[in-house]
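Report on the following structure.
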């Protein structure tokens, strides 16, 4: 089954089961638009960033709110560390990249019956900031690399690589235009193969301006390919086994599919306004 976190425009977010093409629940609690939602590596918890100046962490099995994290501005981006749901990174309009250690304080039952639990409220000051003053625009995406001490941010038209132990930026790249999507594409263990794009390892896919970019390597520090297209790109998704990528056209209401090998367009464009394309081609992209 594919569980895809979906964003909301109101005070809620809905997880989506791609295999069944249906919503599997609704989590209510935000007082503003939900800008981004991410699942932990084991899908036991989910994190959301909202226009109500909070990030929230939810129990995906019970729907209970575990953590309510108060910020000083809109939270546009959020990400769990790989294989560690206790580390959560957030970013937003205040241009501050913060990391929270959720293990410092655990939710506990509010009564001996063990239900409901009492939500833990945290303030942004309880986190530590990475790269203070480096970002010039709001942080729209955060990606943890395969190296747990390195993460990547997308802000304006710039990708930046940060080293957590030294809380500093050690590399940056300016792209073709404003970054509209920045996602890690990976297959579950047991499904990847050395014949796949990336040799069975995760690939960072980025859309900016009229260009799509792809990075590989443990720190996503090796740009393997980029394709300049004839139109703006709102989002990009990569089919690791099928050796093709799909983009949401901007401006317009078309999804276009291209060959990974030579960049040629495959088939006619598909209609439909698309702001974001995720992995899971056999259940999502083939239906576009």
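The values are calculated or read from the model by the stated rules, or taken from the named source; none is laboratory data. Quantities reported herein were computed from a predicted structural model and do not represent experimental measurements. Note: ideal-geometry Cβ built from the backbone for every residue, glycine included; neighbour counts use all protein chains shown.
In this structure, does residue 280 turn out to be modelled with pLDDT of 85 or more and in a loop (DSSP other than H, G, I, E, B)? Break it down into steps so the answer makes sense when it comes.
Details: modelled with pLDDT of 85 or more: no; in a loop (DSSP other than H, G, I, E, B): yes.
No: the conditions fail for residue 280.
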**Asked** Looking at region 220-265, which of the residues that are part of a loop (DSSP other than H, G, I, E, B) and loosely packed, with under 13 Cβ neighbours inside 10 Å is nearest to the chain's Cα centre (by Cα)?
**Response** 251
**Item:** Among residues of region 55-64, those that are surrounded by fewer than 19 Cβ atoms within 10 Å (Cβ to Cβ) and modelled with pLDDT of 95 or more, counted
**Value:** 0
**Asked** If residue 195 passes every condition in (1) in a loop (DSSP other than H, G, I, E, B); (2) under 18 Å from residue 143 (Cβ atoms) but one, which one does it miss?
**Response** (2)
**Request:** State yes or no: is residue 142 in the same structural domain as residue 42 (by the TED database), surrounded by fewer than 21 Cβ atoms within 10 Å (Cβ to Cβ) and within 19 Å of the chain's Cα centre (by Cα)?
**Result:** no
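Quick one: which residue in 68, 52, 101 is touching a helix residue (DSSP H, G or I) at 6+ places or on another chain (Cβ under 9 Å) and surrounded by fewer than 23 Cβ atoms within 10 Å (Cβ to Cβ)? Give the steps one after another, and end with the answer.
Values: 68 fails: touching a helix residue (DSSP H, G or I) at 6+ places or on another chain (Cβ under 9 Å); 52 fails: touching a helix residue (DSSP H, G or I) at 6+ places or on another chain (Cβ under 9 Å).
Going through 68, 52, 101 in turn, just one is touching a helix residue (DSSP H, G or I) at 6+ places or on another chain (Cβ under 9 Å) and surrounded by fewer than 23 Cβ atoms within 10 Å (Cβ to Cβ): 101.
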**Asked** Within region 209-219, how many residues turn out to be crowded, with 17+ Cβ neighbours inside 10 Å and closer than 24 Å to residue 80 by Cβ?
**Response** 6
**Complete:** Restricting region 25-43 to residues that are assigned to a strand (DSSP E or B) and in contact (Cβ under 8 Å) with a residue 24 or more places away in the chain, the one nearest to residue 84 (Cα to Cα) turns out to be 39
**Condition broken by residue 125, with the remaining ones in (1) over 25 Å from residue 186 (Cα atoms); (2) in contact with a strand residue (DSSP E or B) (Cβ under 7 Å, 6 or more places away or on another chain); (3) not in a loop (DSSP other than H, G, I, E, B) satisfied** = (2)
**Prompt:** Does residue 135 qualify as being touching a strand residue (DSSP E or B) at 6+ places or on another chain (Cβ under 7 Å) and farther than 25 Å from residue 70 by Cα?
**Reply:** no
